[in-house]
Amino acid sequence: MKTKAKIKWTLDVLMTAALFFLMGYQFWGETAHEWIGAGMLVLFVVHQVLNRSWYKNLFQGRYTPMRTLQCLVNVLTLAAMFALMYSGITMSRHVFAFLPIRGGLMLARRLHILGSYWGYLLMSLHLGLHWGMVCRLAAKKRSPKRKYQAAGLIISLLIAAYGVRVFI
């Protein structure tokens, strides 16, 4: 695997882990939530920079139904992330407390809740739409036995089912 691909892979794993920690606000508390959120903001910006070719190719080529779906999910995820970044910075009491932001807390709270839940759903869809690529990369790394492939599939399905249950 090339260096840039390794960095992207590591970044994606870190963003996924950060997402799980951020959703566990009640376990970690406000300060940890803010610091992990600030870390997620940095990871998200780096993710955008490393995937800037997506923006360059946005208006090139043919749009199949799958490409249209991926583009829609990506744009909506971007909107949810912007809502989370704005609202998180606005409501910050620890990490961004030095910024002279006053007021707008009611709007920020609503945006943060909307951005959180929709962002979680959209990021899950984004990851799911790229799951084939994740599996191909894992297969290149090593040739797993059938029982490990089956276990990976079962674990993935259980995680997806849990996500659907929690969302409902």
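Would you check if there is a residue in segment 99-109 being surrounded by fewer than 16 Cβ atoms within 10 Å (Cβ to Cβ), out of contact with any helix residue (DSSP H, G or I) (no Cβ under 8 Å at 6 or more places or on another chain), of a type in the set (D, E, K, R) and under 21 Å from Leu127 (Cβ atoms)? Within segment 99-109, not a single residue is surrounded by fewer than 16 Cβ atoms within 10 Å (Cβ to Cβ), out of contact with any helix residue (DSSP H, G or I) (no Cβ under 8 Å at 6 or more places or on another chain), of a type in the set (D, E, K, R) and under 21 Å from Leu127 (Cβ atoms).
How many of the residues in segment 50-70 are within 15 Å of the chain's Cα centre (by Cα) and in a helix (DSSP H, G or I)?
2
Inspect all residues belonging to segment 1-24 and state whether any of them is among the charged types (D, E, K, R), modelled with pLDDT of 95 or more and either surrounded by 12 or more Cβ atoms within 10 Å (Cβ to Cβ) or part of a helix (DSSP H, G or I) (or both). No - not one qualifying residue is present in segment 1-24. Residue check, Gly37 against (1) within 23 Å of Leu121 (Cβ to Cβ); (2) loosely packed, with under 12 Cβ neighbours inside 10 Å, all met but one. Which one? With (1) within 23 Å of Leu121 (Cβ to Cβ); (2) loosely packed, with under 12 Cβ neighbours inside 10 Å applied to Gly37, the lone miss is (2).
Being of a type in the set (Val, Ile, Thr), closer than 20 Å to Leu111 by Cβ, surrounded by fewer than 15 Cβ atoms within 10 Å (Cβ to Cβ) and at pLDDT 90 or above is the requirement here; does Val45 meet it? When the stated conditions are applied, Val45 passes them.
The values are calculated or read from the model by the stated rules, or taken from the named source; none is laboratory data. Treat the numbers as computed from the prediction; the structure is a model and nothing was measured. Because the Cβ atoms are built from the backbone with ideal geometry, glycine has one as well, and the counts that use them run over all protein chains shown.
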